[in-house]
Amino acid sequence: MNEPTVETLAQRLRALPPSIGRTRLVAVDGHAGSGKTTFAARLAAALGGAPVLHLDDLATHEELFAWTGRLRSWVLEPLARGETAHYRAYDWVARRFAEERELPAAPVVLVEGVGAGRRELSPHLASLLWMELTHESSWERGQLRDGPELTDFWDGWKRAEQRHFATDPTRPRAQLLILQCQEGYKVLPGPHESP
């Protein structure tokens, strides 16, 4: 694959076999602040409006990475049956699950967030993409985005993210690495790209 565009990547993902029900579930993982949300929106548009699940909607202050059970029952089980998933999004200000959202069982569904490619989810994924940016650069970007009022949160987050990736590293299992450039993205082969 010679420096594919996001549009070329979208075609490649559409051509994959379904990984859960009739859906190709694609994970966009990387460090906090690495640009996952922005890239997922761009890829979703290239896929003709593919649904995107943001893992920030399933995590909580107390359970930054303990959202797998909610993901399984609220999202994966309905998608496996070919049904629209219904889940409650966590409100980070009110500190509770609030608004209900839908995630249709589309041909391609993106799940983005730190830990989206965790080992436990691998059997359900059609592809795993990793945002190629160091944790130092990612965290710096994230902290600039969020401002000084979230400094305490970020201090706790960094420790939690380091523990998560120390026990369940995603990058070594990624099929593709996504590198943000001045204009657009480069899609590079990952450590586990299929032939």
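The values are calculated or read from the model by the stated rules, or taken from the named source; none is laboratory data. Because the structure is predicted, anything quoted here is derived from the model rather than measured. Here the Cβ positions follow ideal geometry from the backbone for every residue, glycine too, while neighbour counts run over all protein chains shown. Quick note on the areas: whole protein, heavy atoms, side chains included, nothing else; ligands and nucleic acids left out. Shrake-Rupley method; radii C 1.70, N 1.55, O 1.52, S 1.80 Å.
Hey, among the residues in segment 166-187 that are touching a residue at least 60 places away in the same chain (Cβ under 8 Å) and hydrophobic (A, V, I, L, M, F, W, C), which one's farthest from Leu9 (Cα to Cα)?
So the residue we want is Ala174.
Restricting to segment 56-73, name every residue that is under 19 Å from Leu103 (Cα atoms) and within 16 Å of the chain's Cα centre (by Cα).
Initial filter on segment 56-73 (under 19 Å from Leu103 (Cα atoms)): 56-59, 67-73.
Selection gives Asp56, Asp57, Leu58, Ala59, Trp67, Thr68, Arg70, Leu71, Arg72.
Could you list, in sequence order, the residues of segment 81-96 that are touching a residue at least 12 places away in the same chain (Cβ under 8 Å), in a strand (DSSP E or B) and open to solvent by 50 Å² or more (accessible area, probe 1.4 Å)?
Scanning segment 81-96 gives His86, Arg88.
I'm trying to understand the selection: among the residues of segment 120-165, which are among the β-branched types (Val, Ile, Thr) and in contact (Cβ under 8 Å) with a residue 24 or more places away in the chain?
Thr134 - this is the single residue of segment 120-165 that is among the β-branched types (Val, Ile, Thr) and in contact (Cβ under 8 Å) with a residue 24 or more places away in the chain.
Are any residues in segment 63-79 surrounded by fewer than 18 Cβ atoms within 10 Å (Cβ to Cβ) and closer than 14 Å to Pro123 by Cβ, and if so, which ones?
Thr68, Arg72, Glu77, listed by residue number.
Does Glu7 satisfy the criteria of being assigned to a helix (DSSP H, G or I) and of a type in the set (D, E, K, R)? Write out each step before concluding.
Working: assigned to a helix (DSSP H, G or I): yes; of a type in the set (D, E, K, R): yes.
Spelling it out, Glu7 is indeed assigned to a helix (DSSP H, G or I) and of a type in the set (D, E, K, R).
Which numbered condition trips up Pro51, out of (1) over 12 Å from Ala106 (Cα atoms); (2) without any contact (Cβ under 8 Å) to a residue 60 or more places away in the chain; (3) touching a helix residue (DSSP H, G or I) at 6+ places or on another chain (Cβ under 9 Å)?
All conditions pass for Pro51, except number (1).
Of all residues in segment 26-36, which are surrounded by fewer than 24 Cβ atoms within 10 Å (Cβ to Cβ) and aliphatic (A, V, I, L, M)?
Within segment 26-36, just Ala32 meets the criteria.
Within segment 11-19, can one find any residue that is touching a Pro at 6+ places or on another chain (Cβ under 9 Å), at positive phi, in contact (Cβ under 8 Å) with a residue 60 or more places away in the chain and open to solvent by 30 Å² or more (accessible area, probe 1.4 Å)?
no
Please state which one of Ala45, Ala59, Ala27, Ala66 is outside any helix (DSSP H, G or I) and free of Cβ contacts under 8 Å to residues at least 12 places away in the same chain.
Working: Ala45 fails: outside any helix (DSSP H, G or I); Ala59 fails: free of Cβ contacts under 8 Å to residues at least 12 places away in the same chain; Ala27 fails: free of Cβ contacts under 8 Å to residues at least 12 places away in the same chain.
On inspection, the qualifying residue turns out to be Ala66.
For Leu47, indicate whether it is within 23 Å of Ser138 (Cβ to Cβ), surrounded by 18 or more Cβ atoms within 10 Å (Cβ to Cβ) and out of contact with any Gly (no Cβ under 6 Å at 6 or more places or on another chain). Steps first, please.
Values: within 23 Å of Ser138 (Cβ to Cβ): no; surrounded by 18 or more Cβ atoms within 10 Å (Cβ to Cβ): yes; out of contact with any Gly (no Cβ under 6 Å at 6 or more places or on another chain): yes.
Answer is no for this residue.
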